[in-house]
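Visitor: A single structure is presented below for examination.
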Amino acid sequence: KAGVTQTPRYLIKTRGQQVTLSCSPISGHRSVSWYQQTPGQGLQFLFEYFSETQRNKGNFPGRFSGRQFSNSRSEMNVSTLELGDSALYLCASSSEGQEDEKLFFGSGTQLSVL
Amino acid sequence: DQQVKQNSPSLSVQEGRISILNCDYTNSMFDYFLWYKKYPAEGPTFLISISSIKDKNEDGRFTVFLNKSAKHLSLHIVPSQPGDSAVYFCAASRFGNEKLTFGTGTRLTIIP
C-alpha cells in the first residue's frame, strides 16, 4: 500500500509570492491534515479535511488555506508569502473508525521563502 | 500557549541502556496520547499510543506511562539501539478527534 505522497519535496519562493502544496493520502483514507514544522516550535496544526469539508482549523492567518477533492487528495495554499513561512509542511492522512486512530505522515514539503 | 511540553530538547544515552523521554500537558480534556519518531528528511512515524483509561502500554522495547494526576507521560525505550537516534514528538488529542497537539520534540542520540 502506497504511503502519503507530498509534492514537491522542496520549494524556493520569494516574499509576496504564493505557493500550492499537494498531498495524496493513503488509499481509503478520507481524513487529511496539514501541519507546519519549524525549529523549536514542533508541529503546529494547520487544518484538517474530511470528505471535502474543513473539519478542524488551527490558529494560522487566512493566508493559509486548503481544500480537499472528491478523491481525498488535498492541496494547501499560502498566499503573500512571508519569511516566517519557511518551514517543513507535513500532510497526514488517517482512516476513521479505528480505536487507535493515528496519523500517517508524508515526507513533507520543505518551503524556503527568500 | 504550549499545551504539550517536552522540556528536554536533547538526550544522549549509551547503547543498551534505558532511554526515558518525558512530556507534560496542560489541557485536561486530552484523553489520547501518542509518540512519534522522526528522522531527518522524513515525516514522523507512529510509535505507540495510550488512552486515558490506561496508565501503561507496551509494545516490544517501547513502553509509555501515563500519570493523569500529574498530567505527565513518558516513553521508555529498553534497550536503546543506535537506530533509535531520532527526534521524538509527544502528541495529545481528544479521542476520535483528528487534530493532534504536538510537543516541540526531544532529539535522542544513542551512543554506541
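The values are calculated or read from the model by the stated rules, or taken from the named source; none is laboratory data. These figures come from a predicted structure and were not determined experimentally. Note that we place each Cβ from the backbone using ideal geometry, even for glycine, and neighbour counts take in every protein chain shown. Areas reflect the complete protein model, heavy atoms only, side chains present, ligands, DNA and RNA absent. Shrake-Rupley method; radii C 1.70, N 1.55, O 1.52, S 1.80 Å.
Visitor: Rounded to the nearest 100 Å², what is the buried accessible area between A and B, both sides summed, probe 1.4 Å? Numbers along the way, then the final one.
Guide: On the way: alone 6230 and 6250 Å², together 10780 Å².
The summed interface area works out to 1700 Å².
Visitor: While we're on this one: Could you give me the ³J(HN,Hα) list for the range A:63-69, computed from phi with Karplus coefficients 6.51, -1.76, 1.60 and θ = phi - 60°, whole Hz, x at Gly and Pro?
Guide: 5, 9, 9, x, 7, 10, 9
Visitor: Which whole number gives the average count of other chain Cβ atoms within 10 Å of the Cβ atoms across peptide A:29-41? Don't skip to the end; give the middle numbers.
Guide: Details: counts 0, 0, 1, 1, 3, 0, 5, 0, 8, 1, 2, 3, 4.
Taking the mean over all residues of the peptide, I get 2.
Visitor: Further, regarding this structure: Among A:GLY108, A:ASN56, A:SER31, whose Cα sits farthest toward the positive end of the charge dipole of chain A (+1 at Cβ of Lys/Arg, -1 at Cβ of Asp/Glu, about the Cα centre)?
Guide: About the Cα centre, the residue reaching furthest to the positive side is A:GLY108.
Visitor: Follow-up question, since we're still on this one. Rounded, prolate or oblate: which fits the range B:14-112, taking a ≥ b ≥ c as square roots of the Cα gyration tensor eigenvalues, rounded meaning a/c under 1.5, else prolate when a/b beats b/c?
Guide: The shape class here is prolate.
Visitor: Taking the Cα atoms of the range A:1-110, report the difference between the largest and smallest coordinate on each principal axis, in whole Å and largest first.
Guide: 41, 27, 25
Visitor: OK, next. Ordered by residue, what ³J(HN,Hα) values in Hz, to whole numbers, does the range B:21-36 give under the Karplus form 6.51 cos²θ - 1.76 cosθ + 1.60, where θ = phi - 60° and Gly and Pro are x?
Guide: These are the phi-based 3J(HN,Hα) values: 10, 10, 8, 10, 9, 10, 8, 6, 7, 5, 9, 8, 10, 9, 10, 10 Hz.
Visitor: Moving on. Note the direction-averaged projected area, equal to a quarter of the hull surface, for the Cα convex hull of the range B:1-67, in nm². Kindly include the intermediate steps, with their values, before the conclusion.
Guide: Numbers: hull surface 23.2 nm².
Spelled out: convex hull of the Cα atoms, projected over all directions, averaged, 5.8 nm².
Visitor: Contour minus end-to-end for B:SER10 and B:VAL78, with contour as 0.36 nm per residue of separation and end-to-end as the Cα-Cα distance? Write out the running numbers ahead of the final one.
Guide: Numbers: separation 68, 0.36 × 68 = 24.48 nm, distance 1.78 nm.
Between B:SER10 and B:VAL78, full extension yields an extra 22.7 nm.
Visitor: Bin width 10 Å, alpha-carbon pairs only: give the P(r) of the protein assembly as shown as whole percents, running from 0 to the bin holding the largest distance.
Guide: 8, 33, 36, 19, 4, 0
Visitor: Could you work out, residue by residue across B:36-43, how many beta carbons of other chains sit within 10 Å of that residue's beta carbon, and then give the average as an integer? Each step should come with its number before you reach the end.
Guide: Numbers: counts 5, 0, 6, 1, 0, 5, 4, 16.
Across the residues of B:36-43, the mean count of other-chain Cβ atoms within 10 Å is 5.
Visitor: Sticking with this structure for a sec: Please get the size of the charge dipole for chain B, origin at its Cα centre, with Cβ charges of +1 on Lys and Arg and -1 on Asp and Glu, quoted in debye to the nearest 20. Walk me through the intermediate numbers first.
Guide: On the way: 12 positive and 10 negative charges, 27 e Å.
It comes to approximately 120 debye.
Visitor: How much of B:PHE65 can a 1.4 Å solvent probe reach, expressed as accessible area in Å² and rounded to 10?
Guide: Rounded to the nearest 10, that gives 70 Å².
Visitor: What does the average come to when, for each residue of peptide B:15-25, you count the partner chain Cβ atoms lying within 10 Å of its Cβ? If you can, show how the numbers build up before the last one.
Guide: Values: counts 0, 0, 0, 0, 0, 0, 0, 0, 0, 0, 0.
Other-chain Cβ atoms within 10 Å of each residue's Cβ, averaged: 0.
Visitor: Please say if the range A:38-97 is rounded, prolate or oblate, where rounded means a/c under 1.5 for a ≥ b ≥ c the square roots of the C-alpha gyration tensor eigenvalues, and otherwise the choice is prolate for a/b larger than b/c and oblate otherwise?
Guide: Numbers: a/c = 2.19, a/b = 1.56, b/c = 1.40.
Prolate, because a/c is 1.5 or more and a/b exceeds b/c.
Visitor: Hey, can you grab everything whose amide H is under 5 Å from the amide H of A:ARG55? Only 5+ residues off in sequence or another chain; H modelled, so Pro and N-termini drop out.
Guide: Under 5 Å from the amide H of A:ARG55: A:GLU48, A:TYR49, A:PHE50.
Visitor: Still on this structure: Any of A:LYS13/B:LYS5; A:LYS102/B:LYS68; A:LYS102/B:LYS54; B:LYS71/B:LYS99 with alpha carbons more than 25 Å apart? Name them for me. Don't jump to the answer; show the numbers that get you there.
Guide: Working: A:LYS13/B:LYS5 32 Å; A:LYS102/B:LYS68 21 Å; A:LYS102/B:LYS54 17 Å; B:LYS71/B:LYS99 19 Å.
Check vs 25 Å cut-off fails for A:LYS13/B:LYS5.
Visitor: What do you reckon, how do A:SER33, A:SER79 stack up by accessible area (1.4 Å probe), largest on top?
Guide: Details: A:SER33 0, A:SER79 35 Å².
Putting A:SER33, A:SER79 in descending order of accessible area: A:SER79, A:SER33.
Visitor: Additional query: Share of antiparallel DSSP beta bridges in the protein assembly as shown, in percent to the nearest 5? Don't skip to the answer; put the middle values down first.
Guide: Working: 73 of 82 bridges.
Counting DSSP beta bridges with both partners in the protein assembly as shown, the antiparallel share is about 90 percent.
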